1. Which pairs turn up if I take residues in the range 204-216 that are closer than 22 Å to A245 by Cβ and look for partners that are open to solvent by less than 70 Å² (accessible area, probe 1.4 Å) and among the polar types (S, T, N, Q) with beta carbon separation below 6 Å, at least 6 apart in sequence or on another chain?
2. So N160 fits all but one of (1) outside any helix (DSSP H, G or I); (2) in contact (Cβ under 8 Å) with a residue 40 or more places away in the chain; (3) over 29 Å from T266 (Cβ atoms); what number is the exception?
3. Looking at the range 146-168, can you tell me whether even one residue there is within 16 Å of the chain's Cα centre (by Cα) and among the aromatic types (F, W, Y)?
4. Go through the residues of the range 99-119 one by one and say whether even a single one is part of a strand (DSSP E or B), polar (S, T, N, Q) and either surrounded by fewer than 23 Cβ atoms within 10 Å (Cβ to Cβ) or modelled with pLDDT under 95 (or both).
5. Output the number of residues of the range 205-227 satisfying the condition of being under 29 Å from S141 (Cβ atoms) and surrounded by fewer than 17 Cβ atoms within 10 Å (Cβ to Cβ).
6. Select, from A245, A263, the only residue that is of a type in the set (G, A, S), within 16 Å of P2 (Cα to Cα) and either open to solvent by 10 Å² or more (accessible area, probe 1.4 Å) or at pLDDT 95 or above (or both).
7. Return the pair list, or none, for Cβ contacts closer than 6 Å from residues in the range 62-74 that are part of a loop (DSSP other than H, G, I, E, B) to residues that are modelled with pLDDT under 95, at least 6 apart or on different chains.
8. So, in the range 251-271, exactly how many residues are closer than 14 Å to Q27 by Cβ and within 14 Å of the chain's Cα centre (by Cα)?
Amino acid sequence: MPLKITTWNINSVRLRIDLVARFVADQAPDVLCLQETKCPDDQFPLAGIKAMGFRHWAFTGQKGYNGVAILSRFPLLDIARGAFGGNDHARSISAMLAEEAGAAAGLTIHNFYVPAGGDVPDRTLNAKFAHKLDFLADMTSWAALGRARRRKSVLVGDLNIAPYETDVWSHKALLDVVSHTPVETEGLEAMRLAGDWTDAVRKMMPEPERVYSWWSYRSPDWSAADKGRRLDHVWTTADLDPNVAAAKIRRDVRGWERPSDHAPVTVTLEF
């Protein structure tokens, strides 16, 4: 039994609901995790979501910014909304697949939207960067506390950090740029190790292959310039290593009309 899980920073779910529908019709994910939905809960476009075949969902949102959602073809249990980084921003949600998911039942999905961190990589000069580092530290503590009991779990989301040299178009040029600074990349790796997570995308697309999931709106010809970064991730617990069957980044979606600056990332688990 294959289970397709997609993560996608959609940059406004209401504005881009037609792109979501187009992607779902083409790729048919079983679970779609969205970040930066920018939508209060009472305005989430459920009619469109239902029309795509998703009958189960968990989301938490805010007006104009943040927001995360898990959309599923299977019932969801144990829905939880997390608080990280010292505030209650809508940046984390988790849920477990119910018995209707068959062999995948009991799989827990954690969906995160880590703060971008602003432009200045100095916590003393930039409150947004300090918030990002605090959020990451809270995630590390959460991962360490849950390591002994966490099984059959997937962590997805826009983590806003490109951890490896081949996750960015130029390691040298971006060492002092937020998303690839040493304090961020080392912090993300510490969090991954604390939870004993496997980077499923890199498992299927190992280094030295260059892998990107984000291209800036500021580039007039993003595809030709190809100055990308891998900010979007899918991680699995060690017990799921044998189940990771495929990983795919839909770069072409970044070229659709009025796109998000992130491409959808899909990992297929085979049970």
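The values are calculated or read from the model by the stated rules, or taken from the named source; none is laboratory data. Computed from a prediction, not measured in an experiment: that's the story for all the values here. With ideal geometry, Cβ positions are generated from the backbone for all residues, glycine too; neighbour counts draw on all protein chains shown. Please note that ligands, DNA and RNA were not included when accessible areas were found on the heavy atoms of the full protein model with its side chains. Shrake-Rupley method; radii C 1.70, N 1.55, O 1.52, S 1.80 Å.
1. Partner pairs satisfying both residue conditions: E207/T166.
2. It fails just one condition, (3).
3. Start the filter on the range 146-168 by keeping residues that are within 16 Å of the chain's Cα centre (by Cα), which leaves 153-163, 167.
Keeping just the survivors that are among the aromatic types (F, W, Y) gives none.
Looking through the range 146-168, none of the residues is within 16 Å of the chain's Cα centre (by Cα) and among the aromatic types (F, W, Y).
4. Filtering the range 99-119 down to residues part of a strand (DSSP E or B) leaves 108-113.
Those still in the list that are polar (S, T, N, Q) too: 108, 111.
Then keep just the ones that are either surrounded by fewer than 23 Cβ atoms within 10 Å (Cβ to Cβ) or modelled with pLDDT under 95 (or both); that gives 108.
Checked the range 99-119: at least one residue is part of a strand (DSSP E or B), polar (S, T, N, Q) and either surrounded by fewer than 23 Cβ atoms within 10 Å (Cβ to Cβ) or modelled with pLDDT under 95 (or both).
5. Step one: filter the range 205-227 for residues under 29 Å from S141 (Cβ atoms), giving 207, 211, 213-214.
Then drop every residue that is not surrounded by fewer than 17 Cβ atoms within 10 Å (Cβ to Cβ), which leaves 207.
Residues meeting the conditions: 1.
6. On the way: A263 fails: within 16 Å of P2 (Cα to Cα).
Of A245, A263, the one residue that is of a type in the set (G, A, S), within 16 Å of P2 (Cα to Cα) and either open to solvent by 10 Å² or more (accessible area, probe 1.4 Å) or at pLDDT 95 or above (or both) is A245.
7. Going by the 6 Å Cβ cut-off, the qualifying pairs are N66/H89.
8. Looking only at the range 251-271, we keep the residues that are closer than 14 Å to Q27 by Cβ, and these are 251-253, 256, 263-268.
Going one step further and asking which of them are within 14 Å of the chain's Cα centre (by Cα), we end up with 263-267.
Result for the range 251-271: 5.
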